[in-house]
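Structure, as structure tokens:
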Amino acid sequence: MADLVPTLLRPGETILNKYRVERFLGRGRFGEVHLVENVPMARYSALKVVVVKDPATQRAVVEAQAHSLCGHDHVVEIRSADVFDGSVLIEMEFVEGGSLGDRLQREFVPVLDAIAYVKSVLYALEHAHARGIVHRDVKPGNIMLAPRGAKLSDFGTVIHPGSGIRVTDEFYRPHASPEAANDGEFSPASDVFAAGLTLLRAANNMSDEWERLLADPIAWRRAVADGVLPARIGYADWVPGGLRRVINKACARDPADRYPGAVAFRQALERLRPERRWLRLSADEWACDRDGRAETVRYVPGRRPGVEFRSGSRRVTDRCGQFDTEREARRWLGRVLAETTLAGSAPRRQVRRPRTPASDVFA
């Protein structure tokens, strides 16, 4: 894709007599990121290149952020900041797992994985908020997937509301809370909103659907300003009811109705009881490993389509059924997945009409 071609650094070149550029990693709204080798230190890092009007000031702020934030298990380490050719070069820890945004584009992300990633991010936000810092850029692309949990990255748009210090007036508008979008009011509550919307996107496994939403800037900007974007997106059938309630509270239009902070949001997620880590093998079949026993649930086509749930070799009859239409069968399939992902509920045979899934919204 043309928009992924790097323009600032090229593989093989050496910058500041210490960074040898290996390859382009990606581009966001505020800069490019490259894999580099810090030759004197004999280590690989992610190098972010940000073009700004005042590089010296930007560098000073980045270094202050690094001093304040780094050292936390769920924050990507900032190693140094330099000024080069009108840009700020920010050397960061390289996380080989890539971002949650990358994984959503590459493969299905189980709901339980999405919950775990956002819990890690909420630890990072708790750490930042305790220091008076609001991130303003919480999204899947800034959640890096490390072996021991996710790490929040890219503090380039943070502000310190207590002092009014900020590097830029820019922020990630698609995830903005209504008070941030309309009045420029940023607080920990606006980061809670963004984290909730991030979890909604991850639980729904939205990748191409999100890009289609952003392709209509008038519609999404209006939905953001009105605080209705999360409701407009809705939920995929497989998202558990308990998780929906948590996300709805995190993404409430009124800040007073949200969780009071990252800690309360994380604690609400921790009260959910994981039971099955469902993997989507295809549109018709899902599978999980539960205590060493393989379980599957699948759609069975036919004149009277059905749903079959198996635990090992045993057919679980109260989660199986035949239906008059494919729509009813697939609705039941989604409900079985939703009500078996978390402990505490079992589906009943009566099929109720669900809320519109994300797949229908962006059809």
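Bear in mind that the values in this text are calculations on the coordinates, not laboratory data. Just so it is clear, the structure is predicted and the values come from calculations on it, not from any experiment. Positions of Cβ are backbone-derived with ideal geometry, glycine not excepted, and every protein chain shown enters the neighbour counts.
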Need one word for region 149-303: rounded, prolate or oblate. Basis is the Cα gyration tensor (sqrt eigenvalues a ≥ b ≥ c); a/c below 1.5 gives rounded, then a/b vs b/c decides. prolate
Using the basic label-point model (7 angstrom from Cα toward the beta carbon), what is the Q105 to C70 distance in nanometres? 2.7 nm
Taking Cα atoms, how many degrees apart are the long axis of helix 262-271 and the longest axis of the chain, rounded to 10 and kept between 0 and 90? 30 degrees
Just need log10 I(q)/I(0) for region 118-185 at q = 0.21, 0.26 Å⁻¹, Debye formula, equal scatterers on the alpha-carbon atoms, no solvent, rounded to two decimals. -0.93, -1.28
In whole Hz, the Karplus estimates of ³J(HN,Hα) for region 143-153 (6.51, -1.76, 1.60; θ = phi - 60°; x where Gly or Pro) are 10, 8, 9, 8, x, 10, x, 6, 10, 7, 10
Order of L104, L25, L200 - criterion: other Cβ atoms within 10 Å of each residue's Cβ, fewest first: L25, L104, L200
Roughly how compact is the chain, stated as its Cα Rg over 2.2 N^0.38 Å to two decimals? 1.07
Which of the lysines could a cross-linker span from K18 if the Cα-Cα distance has to be under 30 Å and same-chain partners fewer than 8 positions apart are dropped? K48, K53, K151
Tell me which trypsin sites (Lys or Arg not before Pro) from region 56-155 have a DSSP coil assignment and no more than 14 other beta carbons within 10 Å of their own. R131, R148
Sorted by chain and number, the residues with a modelled amide H under 5 Å from that of A146, at a separation of 5 or more or across chains, are K151
Amide H contacts of V300 (H built 1.01 Å from N, under 5 Å, at least 5 apart or other chain): G306, V307, E308
Shape of region 190-231 from its Cα gyration tensor (a ≥ b ≥ c, root eigenvalues): rounded if a/c is under 1.5, otherwise prolate when a/b > b/c, or oblate? oblate
Can you tell me the relative contact order of the chain? Whole percent, Cα pairs under 8 Å, sequence separation 6 or more. 12 percent
Between the Cα axis of helix 217-226 and the main Cα principal axis of the chain, the angle (0 to 90°, nearest 10) is 80 degrees
Find, among the GluC sites (Glu not before Pro) in region 54-152, those assigned to loop by DSSP (not H, G, I, E, B) with at most 15 other beta-carbon atoms within 10 angstrom. E96, E107
As I understand it, the value is the acute angle between the Cα axis of helix 111-129 and the longest principal axis of the Cα atoms of the chain; what does it come to in degrees, rounded to 10? 30 degrees
Given points 7 Å out from each Cα along the Cα-Cβ axis, report the A116 to D85 separation in nanometres with one decimal. 4.1 nm
Spatially proximal aspartates and glutamates relative to K139 (Cα-Cα < 17 Å; intrachain offsets below 8 disregarded): E32, D102, D113, E126, D154, E170, D191, D208, E209, E211
Calculate one ³J(HN,Hα) per residue across region 12-20 by plugging θ = phi - 60° into the Karplus curve 6.51 cos²θ - 1.76 cosθ + 1.60, and present them in order as whole Hz with x for glycine and proline. x, 7, 10, 10, 6, 6, 9, 9, 9
Rounded to whole Hz and in sequence order, give me ³J(HN,Hα) for region 88-94 from the Karplus expression 6.51 cos²θ - 1.76 cosθ + 1.60, θ = phi - 60°, writing x for Gly and Pro. 9, 9, 10, 8, 10, 3, 8
For E22, residues with placed amide H under 5 Å, excluding near neighbours: G12, L35, V36, E37
